[in-house]
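Taking it in order: structure first as structure tokens, then the write-up.
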Amino acid sequence: EAGVVQSPRYKIIEKKQPVAFWCNPISGHNTLYWYLQNLGQGPELLIRYENEEAVDDSQLPKDRFSAERLKGVDSTLKIQPAELGDSAVYLCASSLGPQTDTQYFGPGTRLTVL
Amino acid sequence: SQQGEEDPQALSIQEGENATMNCSYKTSINNLQWYRQNSGRGLVHLILIRSNEREKHSGRLRVTLDTSKKSSSLLITASRAADTASYFCATDARETSGSRLTFGEGTQLTVNP
């Protein structure tokens, strides 16, 4: 069974440029999460989807971050414009459903903003 | 915001020794989970312990939970070089629309061959 797929794995951009990350969850997983992980710290939830509905986006900086999950499968996370402080690893995870405890993580996208 | 705090931040041991990592949290939880992260990789779920459980085993892993002290420990017995990774505890603050995991800052474990 394929795991959670993320692309790109690495991205280097200049500040003020836009950037997008893509995630393909495990087949059949209805719940999808985007996390931000700073160096030496644990992941912090940005947004959680149940199918195509964003049910928890309270920690998403909505002035520059946006996300979508069309058709309730793949998801994209966008930053526009990127700032120096956005340099981090962006992790995508999925689980079977909202009451399912185990989350399966992708390898992440390491973003460097210069 | 980070709810869990792992202790120690870093741990270095010899292969074959046991490794113990601790996690403290602040609010009431439904369950506590431990994840492992190898360098440059995503997190892998290790074990889950529910609030009404006190101890759980999975292979070489042993997890304890003390809800009165709001703390948990992860013991890895007979460690191997392949156990070298960062270990995170995560607490489940279940809300009406589903669960949200809040991760600690992690313990970096190095197992020397």
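Just so you know, all these numbers are worked out from the coordinates, no wet-lab data involved. The shown structure was predicted, so the numbers you read here are calculated from the model rather than taken from an experiment.
According to the calculation over all Cα-Cα pairs in the protein assembly as shown, the P(r) per 10 Å bin from zero is 8, 33, 35, 19, 5, 0 %. For chain A, the spherically averaged projection of the C-alpha convex hull amounts to 6.7 nm². When DSSP beta bridges are restricted to pairs lying wholly in chain A, around 90% turn out antiparallel.
For B:N30, the residues 5 or more places off, or on other chains, whose built amide H falls under 5 Å of its own are B:D92, B:R94. Scalar couplings 3J(HN,Hα) for segment A:18-24, obtained by applying the Karplus form with A = 6.51, B = -1.76, C = 1.60 to θ = phi - 60°, are x, 8, 9, 10, 10, 9, 10 Hz; x denotes Gly and Pro.
Distance between the C-alpha centres of segment B:69-85 and segment A:1-58: 27 Å, rounded to the whole angstrom.
Once backbone amide H atoms are built at 1.01 Å from N, A:S87 has A:V113 as its partners under 5 Å, excluding neighbours fewer than 5 places away on the same chain. First check a/c for chain B, with a ≥ b ≥ c the square roots of the eigenvalues of its C-alpha gyration tensor; if it is under 1.5, answer rounded, and if not, answer prolate when a/b is larger than b/c or oblate otherwise. Taking the square roots of the gyration eigenvalues as a ≥ b ≥ c, chain B is prolate. Springs join every pair of Cα atoms under 10 Å in this Gaussian network model of chain B, and among B:R54, B:R62, B:R41 the largest mean-square fluctuation is at B:R41.
Go through A:K62/B:K70; A:K11/A:K71; A:K11/B:K70; A:K78/B:K69 and tell me which ones have a Cα-Cα distance over 29 Å in this structure. Table pairs above 29 Å Cα-Cα are A:K62/B:K70; A:K11/B:K70; A:K78/B:K69.
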